[in-house]
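Quick notes on the structure that follows.
We did not get these values from a lab; they are worked out from the coordinates using the rules stated. Since the structure is predicted, the reported quantities are computational estimates derived from the model, not experimental observations. Virtual Cβ from ideal backbone geometry, glycine too; neighbours counted across all protein chains shown.
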Amino acid sequence: MPEFNLFGKTLLFFGIVLIILGVIFLLAGKLPFSGRLPGDIVIQRKNFIFYFPLGLCILISIILTIIFRIFKH
């Protein structure tokens, strides 16, 4: 039953990824640089605020890429 072995590994992988994302979201508000990175997009109007943390997304992407490359080898 090798298909169950692969399915189990896949579920464990996604579980670990969800745990890491959960920790990142819990700590995101406490990070001193969160919301003030270069590249973050903030548009403020009279009754509207649009915020897209592009700089933080790029930083998280780089960190996760490094982590996944380390575990791949």
Please find the FRET efficiency linking Ile49 to Ile20, where r is the Cβ-Cβ separation and R0 is fixed at 25 Å, and quote it to the nearest 0.05. 0.30
Backbone N within the range 59-73 under 13 Å of label point (7 Å from Val42 Cα along the Cβ vector): none
Give or take rounding to whole Å, what are the principal axis extents of the alpha carbon atoms in the chain, in descending order? 61, 27, 18
Measure nothing but the geometry: give the 0 to 90° angle between the long axis through the Cα atoms of 2-28 and the longest principal axis through the Cα atoms of the chain, rounded to 10°. 20
Taking only Cα atoms, what is the 0 to 90° angle, nearest 10, from helix 54-72's long axis to the longest principal axis of the chain? 20
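Sorting check: for 2-10, 50-58, which peptide has the highest mean count of neighbouring beta carbons within 10 Å, and how do the rest follow? Intermediate results must be reported in sequence, preceding the final value.
On the way: 2-10: 9.0, 50-58: 13.7.
Going from most to least packed, we get 50-58, 2-10.
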